[in-house]
Amino acid sequence: MKLNLKNPIIFFDVETTGLDVAKDRIIEISTLKIAPDGSEESKTRRINPTIPIAKEAQAVHGISDADVADCPVFAEIAKSLASYIEGCDLAGYNSLKFDIPILAEEFIRAGVNFDFRKRKLIDVQAIFYKMEPRTLSAAYRFYCNKNLENAHSAEADTRATYEVLQSQLDRYEELQNDMAHLSEYSNANKMLDYAGRFILNDKDEPIITFGKHKGKRVADVLATEPTYYNWIMSNDFTLDTKRVLTELRLQQFGK
């Protein structure tokens, strides 16, 4: 099924030095931009992460430190990348939990203000897991009746994700061919930060999703335990998580 697009949509996938959103870095990003008229543009770029690539990560994607040693660092491409994806909706596989948060961290480090919350964010994995909880390779085989060659290659995974979403729309009548609907369907929780540490409850109140304060309202914890803010700010939480908590604190207490 051809996607019903009001804006261009970019399917993207990243390969990284590891799986820690706060500490690890992007070493490859592949994008597949689909215009409302159906035309496509594919780009893949490698990036020098400035930190070593974990052996476990290299075993998955096959990219070594030497492979990216002469590549530009993220700060050198950040502005052009932000300009390229401006005005586009975004889709990926497990993108809400990993690709979006780690890309947001890279933009923040580079001093580029790009607000993903203004875009429609579609996670094909979230749709898949609700419909048929399996892996991308299984999804590709299930929906497209093909074997995924070069799995864990950013370019192959990106195109497979695009084809899976098309097939999901063909298969499930309850899925609307509308990016706003798919974005809402992908986002089970109303996340305030990309890492999902703070979300909105059914009353649209910010609550905490982890640790000893899990399920509590942020406002209540900040009021009764002022050191909680300092603990978040001094530990290995993402820059985006820290920024969101700072905004909530300012809303509650002012400067």
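For helix 100-109, report the angle its Cα long axis makes with the longest principal axis of the Cα atoms of the chain; keep it between 0 and 90° and round to the nearest 10°.
Compared with the principal axis, the helix lies near 60 degrees.
Just to verify a number: FRET efficiency for K6 and S42, C-beta to C-beta distance, R0 = 30 Å, to 0.05?
After rounding to 0.05, the efficiency reads 0.90.
Can you compute 3J(HN,Hα) from phi for each residue in the range 160-169, using the Karplus curve 6.51 cos²θ - 1.76 cosθ + 1.60 with θ = phi - 60°, rounded to whole Hz and x for Gly and Pro?
Per residue, the Karplus-derived 3J(HN,Hα) values read 4, 4, 4, 5, 5, 4, 4, 5, 4, 5 Hz.
What residue among A104, A180, A188 has the largest mean-square fluctuation in a Gaussian network model of the chain, using Cα springs under 10 Å?
Largest GNM mean-square fluctuation: A188.
Based on the alpha-carbon gyration tensor of the range 125-168 and its eigenvalue square roots a ≥ b ≥ c, which shape applies: rounded if a/c is under 1.5, prolate if not and a/b is larger than b/c, or oblate?
Cα axes put the range 125-168 in the prolate bin.
In Å³ and rounded to a whole number, note down the convex hull volume per residue for the Cα atoms of the range 1-62.
Per residue, the Cα convex hull of the range 1-62 comes to 115 Å³.
Can you check what the net charge comes to around E15, using other residues whose Cβ is under 12 Å from the Cβ of E15 (Lys, Arg +1; Asp, Glu -1)?
Net charge in that neighbourhood comes out at -4.
If R0 is 25 Å, what FRET efficiency do you get for A59 and C144 from their C-beta distance, rounded to 0.05?
About 0.40, to the nearest 0.05.
Tally Lys/Arg at +1 and Asp/Glu at -1 over every other residue whose Cβ is under 11 Å from the Cβ of D67; what's the total?
After counting each charged neighbour, the total is -3.
Please list 3J(HN,Hα) in residue order for the range 110-119, calculated via the Karplus relation 6.51 cos²θ - 1.76 cosθ + 1.60 where θ = phi - 60°; whole Hz, with x for glycine and proline.
With the stated coefficients, the range 110-119 comes to 7, x, 9, 8, 10, 9, 5, 5, 7, 9 Hz.
Under the rule of at least 5 residues apart or a separate chain, name every residue whose amide H is placed under 5 Å from the amide H of K190.
For K190, the qualifying residues are L200.
With both bridge residues required to lie in the range 9-188, what share of the DSSP beta bridges run antiparallel, to the nearest 5%?
Antiparallel bridges: around 70 percent, rounded to the nearest 5.
Between helix 74-85 and the chain, what is the angle of the helix's C-alpha long axis to the longest principal axis, kept within 0 to 90° and rounded to the nearest 10?
70 degrees
Determine the shape class of the range 198-253: with a ≥ b ≥ c the square roots of the Cα gyration tensor eigenvalues, call it rounded for a/c under 1.5, and otherwise prolate if a/b is greater than b/c, oblate otherwise.
rounded
Quick one: plug the Kirkwood hydrodynamic radius of the range 1-119 (C-alpha pairs) into Stokes-Einstein at 4 °C, 1.567 mPa s, and report D in µm²/s.
Rounded, D is 87 µm²/s.
For the range 29-45, take each phi angle, set θ = phi - 60°, evaluate the Karplus expression 6.51 cos²θ - 1.76 cosθ + 1.60, and give the result in whole Hz per residue in order, putting x for glycine and proline.
Ordered by residue, 3J(HN,Hα) equals 9, 10, 10, 10, 8, 10, 7, x, 7, x, 5, 10, 9, 10, 9, 9, 9 Hz.
Of Y185, V164, S80, which is farthest towards the positive pole of the range 9-188's charge dipole, taken about the Cα centre with +1 and -1 on the beta-carbons of Lys, Arg and Asp, Glu respectively?
Y185
Run the quick spin-label model on Q176 and S137: label points 7 Å from Cα toward the beta carbon, then report their separation in nm to one decimal.
3.7 nm
Classify the chain from the C-alpha gyration tensor, please: rounded if a/c falls under 1.5, else prolate or oblate depending on whether a/b exceeds b/c.
oblate
Can you compute the charge dipole magnitude of the chain about its Cα centre, using +1 on each Lys and Arg Cβ and -1 on each Asp and Glu Cβ, nothing else charged? Give it in debye, rounded to the nearest 20.
With Lys and Arg at +1 and Asp and Glu at -1, about 700 debye.
Quick note: the coordinates plus some simple rules give every number you see, no bench work behind them. Just so you know, these numbers come straight off a predicted model, no measurement behind them. Note that each Cβ is placed from the backbone with ideal geometry, even for glycine, and that neighbours are counted across all protein chains shown.
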